[in-house]
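Report on the structure given below.
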Amino acid sequence: IKEFFITRGVPGEAILIETRSINTLENILNASEMLHSVKSIIAVSKPFHMRRVLATFTKHNAQLKVFCCPPALVYEDLDNNERKYYLERMVGEISKLNEYAKKGDLVSQEMPSDITYLISTDSDSKAA
């Protein structure tokens, strides 16, 4: 990913990549140690994950301006297995947003009532 930005004119020394973490919260906390004098960043992650990245950064680095930059994804270009993977991850992210907000790990996110209804219905059917 570093090469992608360098080829587009971003100086290599301006690109910081955090590699020690094993989850989003650790990634944000570890990255924060590298961002002492930084006012804005470009966060790169999968499209379904960007909302959680932004909510976590906002909770732990409210003064930092975060620009989200997920890699381009054209759903129609994905095969059936990739589509299933992305759909499952998108649904899972909604549950994680709610769960991690309750733990205080990220800024609470408003969800449309039809989305929260579908997620609760899906959870209820799995429990039965």
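The values are calculated or read from the model by the stated rules, or taken from the named source; none is laboratory data. Since the structure is predicted, the reported quantities are computational estimates derived from the model, not experimental observations. All Cβ positions, even for glycine, are placed from backbone atoms using ideal geometry, and neighbour counts span all protein chains on display. Please note that ligands, DNA and RNA were not included when accessible areas were found on the heavy atoms of the full protein model with its side chains. Shrake-Rupley method; radii C 1.70, N 1.55, O 1.52, S 1.80 Å.
Given charges of +1 on the Cβ of Lys and Arg and -1 on the Cβ of Asp and Glu, with all other atoms neutral, how large is the dipole of the chain about its Cα centre, in debye to the nearest 20? Each step should come with its number before you reach the end.
Details: 16 positive and 17 negative charges, 76 e Å.
So the dipole magnitude of the chain works out to roughly 360 debye.
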Distance (nanometres) between label positions extended 7 Å along Cα→Cβ at residue 5 and residue 116: 3.5
Farthest toward positive dipole pole in the chain [+1 Lys/Arg, -1 Asp/Glu at C-beta], among 109, 34, 7: 34
Solvent exposure of the chain as accessible area per residue, Å², 1.4 Å probe: 70
Net charge, residue 105 excluded, C-beta distance under 12 Å - Lys, Arg +1, Asp, Glu -1: +3
Net length gained if the chain between residue 78 and residue 107 were fully extended (0.36 nm per residue, minus Cα distance): 7.3 nm
Cut-off 14 Å between beta-carbons: net charge of the residues surrounding residue 82, Lys and Arg +1, Asp and Glu -1: 0
Interchain or long-range residues, amide H under 5 Å from residue 68's placed H: 43
Percent accessible area from carbon and sulfur atoms, the chain, protein chains only, probe 1.4 Å: 55
Summed side-chain charge close to residue 21 - residues other than residue 21 whose Cβ falls under 15 Å, Lys, Arg +1, Asp, Glu -1: -2
Proximal lysines to residue 65, defined as alpha-carbon separation beneath 22 angstrom and excluding residues fewer than eight positions away on the same chain: 2, 39, 46
Sequence-separation-based contact order of the stretch 4-84, relative, with Cα cut under 8 Å and 6+ spacing, percent: 25
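Taking 0.36 nm per residue of sequence separation and subtracting the Cα-Cα distance, how much length would be gained by fully extending the chain between residue 38 and residue 17, in nm to one decimal?
Roughly 6.2 nm would be gained on extension.
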Among [x] 1.16; [y] 1.01; [z] 1.07, the entry that matches Rg/Rh (Cα atoms, Kirkwood Rh) as calculated here: [y]
